[in-house]
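All remarks here apply to the structure that follows.
The values are calculated or read from the model by the stated rules, or taken from the named source; none is laboratory data. Since the model is a prediction, treat every value here as computed from it, not as a measurement. Cβ coordinates were reconstructed from backbone atoms using ideal geometry, including for glycine residues, and neighbour counts include every protein chain displayed. Side chains included, ligands, DNA and RNA excluded: accessible areas come from the protein's heavy atoms. Shrake-Rupley method; radii C 1.70, N 1.55, O 1.52, S 1.80 Å.
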Amino acid sequence: METKGPLLAALASLSEYDPNSMPVEQARQLIRKFLAAPLEQESIALSDALRRTLAEDILSPMNVPPHDYSAMDGYAVRHADLENAPRKLKIGGSAFAGHAYTGKIAAGECVRIMTGALIPDGCDCVVMQENVKVEGTTVEVADGHRPGENIRLTGEDIARGATVLARGQAIRPAEMGLLASLGFGKVAVYRKLRIALLSTGDELQQPGTPLVAGRIYDSNRYTLMGMLGDLGVDTIDMGAVRDDRASLKAALLDAAGRADAIISSGGVSVGEADYVKQLLDEIGEVVFWKIAMKPGKPLAYGKIGTSHFFGLPGNPVAVMVTFQQFVRDALRVLMGQQPGPPLELQAICAGSIRKVPGRTEFQRGILGHDDNGGLIVRTTGEQGSGILSSMSKANCFIVLPATQGNVGAGSTVQVQPFSQ
Ligand code: AMP
Ligand code: MG
């Protein structure tokens, strides 16, 4: 009897599953099912935490602000003093950010105060300097002030004990600052994901050397390095592997021993896939799909040992599209994050687009504004899956659903902006 691993067993139980024409969303969800629990944790310095993932909830150890502060430059007063005309107050002292006024304020007195300074004891209102008339050591305050005016109250932004950030949150610049503002010098994060990267193909030559006739430069590994760099993983660069079974087997087994996930490009399209398939059957559990999408039709996914394997197509644009549609969020899950669906916006299509129903197309688009501030998108032009300059010109994908036919100029389309 044939023994099946968990991947094949799960696929066999699906009622609708056609490996030769798989919808984008189904492939996304299937991959998601096999992504393992988050990694081990470690405690690291906040200064090293950018692009890591929080391994625990962050509760605020303090009130923010920690005291009552002035939100303006002006005069701190006792609001009760403003009830009695002529509202002339004597300046009893001054308070600056980092230099509090520690004296006692008597009735009829006020304190010159600057933004960020502690509110002196007894004061309950800050009158902006624009709203007073200074005469020597007294100020005359105009009408119409309320208690609490221009005061940032203790705990107004964040109360002590409140959950500020949840486990699984990616640490971006805003989180760096937020964690620092709460006094965290260290944070508990998941360890870095290790990703092995390799290209396949006898035609590949490395950049930096003159091109030999019949060869092409290996660009895929560099786009992948870039996209992985944005994610903040450790990349293990396995170079380019020749199209022969022994070399590929050695490279994949080496990668599986060292990495949480392996990303290869090339060698999964019809014609090349056969020996790669046999090899992967021998060393792992990998399925080969034809995704109903353009570009990016062939895709292999599975496991080699404990390592996840993503076999991307060889075409340079297809590599970027499949990485962005399938691999990036899969890696985020492995990093301990819970990525939501990609951000999609509606835009008016500036020109017409030819499209045959049947596959989801990811056309490269340039998104901008029309004269009224509405979103307008045009394609980058020629959309061949080898034209990498189209990705460089683009700032979004124009996502045309499988059912869609030709798109008329002026119609509304969905776009996925690239993160800048
Ligand atoms: P394959 O999927 O291996 O048949 O490759 C499809 C196309 O992508 C072929 O034209 C390859 O030459 C090209 N290709 C494959 N790998 C790379 C790479 N690393 N860099 C640039 N182009 C590639
Ligand atoms: Mg190839």
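Of all residues in segment 194-253, those that are more than 27 Å from residue 172 (Cβ to Cβ) and among the hydroxyl-bearing types (Ser, Thr, Tyr) total 6. Restricted to segment 238-257, and to residues there that are exposed (fewer than 15 other Cβ atoms within 10 Å of the Cβ) and under 18 Å from residue 218 (Cβ atoms), the residue that is nearest to ligand 2 (Cβ to nearest atom) is 242.
Among the residues of segment 304-347, those identified as open to solvent by 10 Å² or more (accessible area, probe 1.4 Å) and either within 16 Å of ligand 2 (Cβ to nearest atom) or part of a strand (DSSP E or B) (or both) are 314, 315, 316, 345, 346.
Restricting the search to segment 366-417, which residues are in a loop (DSSP other than H, G, I, E, B), of a type in the set (A, V, I, L, M, F, W, C) and open to solvent by less than 40 Å² (accessible area, probe 1.4 Å)?
Across segment 366-417, the qualifying residues are 394, 402.
Assess whether residue 291 counts as being modelled with pLDDT of 95 or more and either over 21 Å from residue 387 (Cβ atoms) or more than 16 Å from ligand 1 (Cβ to nearest atom) (or both). Show your work before the answer.
Details: modelled with pLDDT of 95 or more: yes; either over 21 Å from residue 387 (Cβ atoms) or more than 16 Å from ligand 1 (Cβ to nearest atom) (or both): no.
For residue 291, the condition - modelled with pLDDT of 95 or more and either over 21 Å from residue 387 (Cβ atoms) or more than 16 Å from ligand 1 (Cβ to nearest atom) (or both) - is not met.
The set of residues in segment 264-284 being modelled with pLDDT under 90 and near ligand 1 (Cβ under 9 Å from one of its atoms) consists of 269, 270, 271, 272, 273.
State yes or no: is residue 252 within 14 Å of ligand 1 (Cβ to nearest atom), under 30 Å from residue 339 (Cβ atoms) and assigned by TED's automatic domain parsing to the domain that holds residue 25?
Numbers: within 14 Å of ligand 1 (Cβ to nearest atom): no; under 30 Å from residue 339 (Cβ atoms): yes; assigned by TED's automatic domain parsing to the domain that holds residue 25: yes.
When the stated conditions are applied, residue 252 does not pass them.
Would you pick out the residues in segment 62-83 that are charged (D, E, K, R) and within 44 Å of the chain's Cα centre (by Cα)? Matches in segment 62-83: 68, 73.
Of the residues making up segment 26-46, those that are closer than 16 Å to residue 339 by Cα, under 20 Å from the mean Cα position of the chain (by Cα) and surrounded by 13 or more Cβ atoms within 10 Å (Cβ to Cβ) are 28, 31, 32, 35, 38.
Take the conditions within 14 Å of ligand 2 (Cβ to nearest atom), free of Cβ contacts under 8 Å to residues at least 12 places away in the same chain and either under 30 Å from residue 157 (Cα atoms) or not assigned by TED's automatic domain parsing to the domain that holds residue 45 (or both) and apply them to residue 201. Does it pass? Let's see the steps before the verdict.
Details: within 14 Å of ligand 2 (Cβ to nearest atom): yes; free of Cβ contacts under 8 Å to residues at least 12 places away in the same chain: no; either under 30 Å from residue 157 (Cα atoms) or not assigned by TED's automatic domain parsing to the domain that holds residue 45 (or both): yes.
Judged against the criteria, residue 201 is not a match.
Looking for something touching a strand residue (DSSP E or B) at 6+ places or on another chain (Cβ under 6 Å), touching a residue at least 12 places away in the same chain (Cβ under 8 Å), more than 12 Å from ligand 1 (Cβ to nearest atom) and open to solvent by less than 30 Å² (accessible area, probe 1.4 Å) - is there at least one such residue anywhere in segment 212-228? Yes - at least one qualifying residue is present in segment 212-228.
Would you tally the residues in segment 259-297 being within 12 Å of ligand 2 (Cβ to nearest atom) and either among the basic types (Lys, Arg) or open to solvent by less than 30 Å² (accessible area, probe 1.4 Å) (or both)? Even if it seems obvious, please write down each step before you answer.
Of the residues in segment 259-297, the ones within 12 Å of ligand 2 (Cβ to nearest atom) are 264-273, 275-276.
Adding the requirement that they be either among the basic types (Lys, Arg) or open to solvent by less than 30 Å² (accessible area, probe 1.4 Å) (or both) leaves 264-268, 273, 276.
Residues in segment 259-297 being within 12 Å of ligand 2 (Cβ to nearest atom) and either among the basic types (Lys, Arg) or open to solvent by less than 30 Å² (accessible area, probe 1.4 Å) (or both): 7 in total.
If we scan segment 182-197, do we find a residue that is more than 30 Å from residue 77 (Cβ to Cβ), modelled with pLDDT of 95 or more and exposed (fewer than 11 other Cβ atoms within 10 Å of the Cβ)? Yes; the residues of segment 182-197 include at least one that is more than 30 Å from residue 77 (Cβ to Cβ), modelled with pLDDT of 95 or more and exposed (fewer than 11 other Cβ atoms within 10 Å of the Cβ).
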